[in-house]
Amino acid sequence: MPELPEVETVKRGLERVIVGRRIVAAEARRPDLRWPLPAGFAERLTGQRIHGIARRAKYLLVQLGAAEPGELVWLIHLGMSGRLIHTAAGEPLPGTVTSAQAGSSGGWPLHAAHNHVEVTFDDGSVLTFNDARRFGVMDLVAADALDRHRLLKDLGPEPLSNAFNGPALAARLTGRRTSIKAALLDQRVVAGVGNIYACEALFRAGLSPRRSAYTVQRGRAEGLAASLKSVLSDAIAAGGSSLRDYVQASGELGYFQHAFAVYDREGEECPGCTCDSVVRRIVQQGRSTFYCPARQR
DNA sequence: CTACCATCCTGGTTGC
DNA sequence: TGCAACCAGGATGGTA
């Protein structure tokens, strides 16, 4: 589910409440996520202090240290349906099927059966990882080996960094015969972009998702890089997009979904444009693509 | 290299 | 109403 803006929102929410805290207990109820949790996962987390949280692409990097800061990194990917929910000491998990109807905390209800990892801090607060589809990933990595981690080593540039610009994007699209939409979903081209924001950025850039990637050069690449930055920044400012089951760590909903120009708007009028066209849905690489065939060329 | 496909899961929604 | 098919925000790994 979550793309870069949602992960960034979760990161910012968690930062406020768990940095500085020490883990006093950890439990892995279901160790078989996308890959098995590392050996001794819960035991290794216990006693660690949270020194900070970083984000790389769609990965959360929780910086741990039992004594010295920055020894160990708790790597987390939310997959499609993963949620991290922080609750204060003694507070029940919001929106569980037993406690409330869906909607009070937003999105789908949380089924307690999908609470796979639970971490308790020294202030009594609890961080729960709930993931119905179990596409999520967790690992523990030595900090000095992070860059070499198999899930991180091939990632492209962060789209919001200064290193990412028109020429950098153009260079990574050179010679690629695939569609520009598929290229944007390739995490080696640019890190953290998923289906929603690929569609939205292409709309802002006025580029057809069906265009061959290698034709996006110079001015077009400049425009697309700028569009990616703007749509991701706008989404972060809105707290991300809540479709079915994404909520912030605090339980609040993001609201960028209301600002979608094309995503999930098949048949609707192309927004803010005089092209008199309607949003179309096509399938590329088995994923839905939404775009305006008149405005996007 | 590049591109396509299947795959890991569960659950909500749609359509017959 | 019941039930099956379809669809979903991701990313790897195998194959051609």
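The values are calculated or read from the model by the stated rules, or taken from the named source; none is laboratory data. These figures come from a predicted structure and were not determined experimentally. So basically every Cβ, Gly included, is an ideal-geometry build from the backbone, and we count neighbours across all protein chains shown.
One table, with the values for the structure above:
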read-out: Qualifying residue in segment A:22-38 (condition: within 13 Å of DNA strand C (Cβ to nearest atom), in contact with a Phe, Trp or Tyr (Cβ under 9 Å, 6 or more places away or on another chain) and of a type in the set (A, V, I, L, M)); value: yes
read-out: Residue count for segment A:272-293, restricted to those that are within 16 Å of DNA strand B (Cβ to nearest atom) and in a strand (DSSP E or B); value: 8
read-out: Residue ID - nearest to A:Arg49 (Cα to Cα), chosen from residues in segment A:87-124 that are at pLDDT 90 or above and touching a helix residue (DSSP H, G or I) at 6+ places or on another chain (Cβ under 7 Å); value: A:Phe121
read-out: Every pair of residues 6+ apart whose Cβ atoms lie under 8 Å, when the first sits in segment A:67-83 and is within 16 Å of DNA strand B (Cβ to nearest atom) while the second is assigned to a loop (DSSP other than H, G, I, E, B) and among the β-branched types (Val, Ile, Thr); value: A:Arg83/A:Val247
read-out: Yes/no for A:Asp122 being within 11 Å of DNA strand B (Cβ to nearest atom), touching a Lys or Arg at 6+ places or on another chain (Cβ under 8 Å) and under 24 Å from A:Glu15 (Cα atoms); value: no
read-out: Among the candidates A:Ala201, A:Ala182, A:Ala163, residue that is outside any loop (DSSP other than H, G, I, E, B), surrounded by fewer than 21 Cβ atoms within 10 Å (Cβ to Cβ) and of a type in the set (A, V, I, L, M, F, W, C); value: A:Ala182
read-out: Conditions (1) within 19 Å of A:Arg218 (Cβ to Cβ); (2) touching a residue at least 60 places away in the same chain (Cβ under 8 Å); (3) in contact with a strand residue (DSSP E or B) (Cβ under 9 Å, 6 or more places away or on another chain); number of the one not met by A:Pro159; value: (3)
read-out: Segment A:265-288: number of residues that are over 17 Å from A:Ile180 (Cβ atoms), aliphatic (A, V, I, L, M) and surrounded by fewer than 17 Cβ atoms within 10 Å (Cβ to Cβ); value: 1
read-out: Cβ pairs under 6 Å, 6+ apart, first in segment A:162-176 and without any contact (Cβ under 8 Å) to a residue 40 or more places away in the chain, second in a helix (DSSP H, G or I) and surrounded by 18 or more Cβ atoms within 10 Å (Cβ to Cβ); value: A:Arg176/A:Ala183; A:Arg176/A:Ala213
read-out: Considering residues of segment A:248-264 that are at pLDDT 90 or above and either closer than 23 Å to A:Ser81 by Cβ or in contact with a strand residue (DSSP E or B) (Cβ under 6 Å, 6 or more places away or on another chain) (or both) only, the residue surrounded by the fewest Cβ atoms within 10 Å (Cβ to Cβ); value: A:Phe260
read-out: A:Phe135, sole failed condition from (1) touching a Gly at 6+ places or on another chain (Cβ under 6 Å); (2) modelled with pLDDT under 90; (3) more than 13 Å from DNA strand C (Cβ to nearest atom); value: (3)
read-out: Residue check for A:Leu202: within 20 Å of A:Glu266 (Cα to Cα) and either more than 16 Å from DNA strand B (Cβ to nearest atom) or in contact (Cβ under 8 Å) with a residue 40 or more places away in the chain (or both); value: yes
read-out: Verdict on A:Leu151 being within 22 Å of A:Ser233 (Cβ to Cβ), within 16 Å of DNA strand C (Cβ to nearest atom) and either free of Cβ contacts under 8 Å to residues at least 12 places away in the same chain or under 15 Å from the mean Cα position of the chain (by Cα) (or both); value: no
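Residue-by-condition table, conditions (1) within 11 Å of DNA strand C (Cβ to nearest atom); (2) over 16 Å from the mean Cα position of the chain (by Cα):
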{"position": "A:Arg176", "(1), (2)": "no, yes"}
{"position": "A:Ala182", "(1), (2)": "yes, yes"}
{"position": "A:Arg188", "(1), (2)": "yes, no"}
{"position": "A:Ala191", "(1), (2)": "yes, no"}
{"position": "A:Ser208", "(1), (2)": "no, yes"}
